[in-house]
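Note sheet for the following structure.
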Amino acid sequence: MIETDYAKALYQADGKPDLLKNLRELLKRRGHEKLLPRIYSEYKKLVLAEHRRKQSSTVTPEAEKTRILLELYRKLTNV
């Protein structure tokens, strides 16, 4: 899908304001200006996926405590 490709390119070029300025002009030139809302929604999906990836990889004290308790429970029940 074209909008997914545009969104990925936009996501990879995060922090480069020159690209953002030229994006609308590029879309207009290629006749893809109507895709802008879908490009934005695809971009939001990429940002959300990264946020969820970071959130799931962080270990909270509660998660660590639960992991230890489950390990102990498994050891006790396997005996």
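The values are calculated or read from the model by the stated rules, or taken from the named source; none is laboratory data. None of these values were measured; they are calculated from a predicted model. Here the Cβ positions follow ideal geometry from the backbone for every residue, glycine too, while neighbour counts run over all protein chains shown.
If you scan segment 6-32, which residues turn out to be in a helix (DSSP H, G or I) and either acidic (Asp, Glu) or in contact with a strand residue (DSSP E or B) (Cβ under 7 Å, 6 or more places away or on another chain) (or both)?
Asp18, Glu25
Out of Leu35, Leu46, Leu26, which single residue is surrounded by 10 or more Cβ atoms within 10 Å (Cβ to Cβ), in contact with an Asp or Glu (Cβ under 7 Å, 6 or more places away or on another chain) and not hydroxyl-bearing (Ser, Thr, Tyr)? Lay out the reasoning, then the answer.
Values: Leu46 fails: in contact with an Asp or Glu (Cβ under 7 Å, 6 or more places away or on another chain); Leu26 fails: in contact with an Asp or Glu (Cβ under 7 Å, 6 or more places away or on another chain).
The unique qualifying residue is Leu35.
Is it fair to say Thr66 is out of contact with any Asp or Glu (no Cβ under 8 Å at 6 or more places or on another chain) and surrounded by 11 or more Cβ atoms within 10 Å (Cβ to Cβ)? It would help to see each step written out before you state the result.
Numbers: out of contact with any Asp or Glu (no Cβ under 8 Å at 6 or more places or on another chain): yes; surrounded by 11 or more Cβ atoms within 10 Å (Cβ to Cβ): yes.
Spelling it out, Thr66 is indeed out of contact with any Asp or Glu (no Cβ under 8 Å at 6 or more places or on another chain) and surrounded by 11 or more Cβ atoms within 10 Å (Cβ to Cβ).
Give just the number: which of (1) assigned to a helix (DSSP H, G or I); (2) modelled with pLDDT under 90 does Glu42 not satisfy?
Among (1) assigned to a helix (DSSP H, G or I); (2) modelled with pLDDT under 90, Glu42 violates only (2).
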